[in-house]
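Peer 1: I am attaching a structure below and will ask some questions about it afterwards.
The values are calculated or read from the model by the stated rules, or taken from the named source; none is laboratory data. Quantities reported herein were computed from a predicted structural model and do not represent experimental measurements. Every residue, glycine as well, gets a Cβ built from its backbone with ideal geometry; the counts of neighbours run over all protein chains shown. What goes into the accessible areas is simple: the full protein's heavy atoms, side chains included, and nothing from ligands, DNA or RNA. Shrake-Rupley method; radii C 1.70, N 1.55, O 1.52, S 1.80 Å.
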Amino acid sequence: MAAAHPDDAFLVRPISAADDESVATLIREVMTEQGAAGPGFSIHDAEVAAMTGAYARDGAAYFVVQTFDGGVLGGGGIAPLLMPDGSPVEGVCELRKMYFLPLARGLGIGRIILERLLELARKAGFRRCYLETLRTM
């Protein structure tokens, strides 16, 4: 019997306000697990507590991976890459806050989200995508 495709077991959809608490908890758990909880890590970004609002702007999107019983297992987003002064870098977006609980890893779900995000980025006019990550991720 062939293995199930990730789309058969999970729903990938845009984030909603009802997801904010679950996504914030997930981000904090995964970043802590990965040793990325100290000063300077994005676990401390204000947007973590209000992801829906943070991605409700032009050139930004955030998707969550949900089980069919409603549990959120991960997510990822894009947004314009900003300079320290807050101005956008022309034609460059950033892959942001892409984290998954262990249950959702290694199933191809990250690739599904990444492909959707990059398609949206191209449609929004971005030519490059910046990624900041750790070796363990």
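Peer 1: State whether the residues of region 53-74 include one that is closer than 20 Å to PHE10 by Cβ and touching a residue at least 60 places away in the same chain (Cβ under 8 Å).
Peer 2: Yes: one or more hits.
Peer 1: Of the residues GLU115, GLU94, GLU90, GLU119, only one is of a type outside the set (Ser, Thr, Tyr) and farther than 16 Å from PHE63 by Cβ; which?
Peer 2: Unique residue meeting the criteria: GLU90.
Peer 1: Same structure again: So, in region 54-71, of the ones that are aromatic (Phe, Trp, Tyr) and surrounded by 17 or more Cβ atoms within 10 Å (Cβ to Cβ), which residue ends up nearest to ILE113 (Cα to Cα)?
Peer 2: In this case the residue turns out to be PHE63.
Peer 1: Identify, from the list MET51, MET83, the residue that is exposed (fewer than 12 other Cβ atoms within 10 Å of the Cβ), of a type in the set (A, V, I, L, M) and farther than 19 Å from GLU33 by Cα.
Peer 2: Working: MET51 fails: exposed (fewer than 12 other Cβ atoms within 10 Å of the Cβ).
Every option except MET83 fails the conditions.
Peer 1: Can you tell me which residue is most open to solvent (accessible area, probe 1.4 Å) among those in region 16-48 that are at negative phi and in a loop (DSSP other than H, G, I, E, B)?
Peer 2: PRO39
Peer 1: Sticking with this one: Can you report the number of residues in region 90-111 which are in contact with a His (Cβ under 9 Å, 6 or more places away or on another chain) and either free of Cβ contacts under 8 Å to residues at least 12 places away in the same chain or among the hydroxyl-bearing types (Ser, Thr, Tyr) (or both)?
Peer 2: Result for region 90-111: 0.
Peer 1: Which residues, taken from region 105-136, are surrounded by 12 or more Cβ atoms within 10 Å (Cβ to Cβ), within 21 Å of LEU26 (Cα to Cα) and under 13 Å from the mean Cα position of the chain (by Cα)?
Peer 2: ILE109, GLY110, ILE112, ILE113, LEU114, ARG116, LEU117
Peer 1: Within region 122-137, which residues are under 15 Å from PRO14 (Cβ atoms) and in contact (Cβ under 8 Å) with a residue 24 or more places away in the chain? Steps first, answer last, please.
Peer 2: Taking region 122-137 and keeping what is under 15 Å from PRO14 (Cβ atoms), we get 123-124.
Within region 122-137, just ALA124 meets the criteria.
Peer 1: Now for a different question. Say whether the condition of being open to solvent by 60 Å² or more (accessible area, probe 1.4 Å) and either part of a loop (DSSP other than H, G, I, E, B) or of a type in the set (Lys, Arg) (or both) is met by at least one residue in region 87-103.
Peer 2: No, region 87-103 has no match at all.
Peer 1: For residues that are open to solvent by 50 Å² or more (accessible area, probe 1.4 Å) and either closer than 23 Å to GLU132 by Cβ or not small (Gly, Ala, Ser) (or both), scanning just region 1-12, find the one that is modelled with the lowest pLDDT.
Peer 2: Ranking the candidates gives MET1 first.
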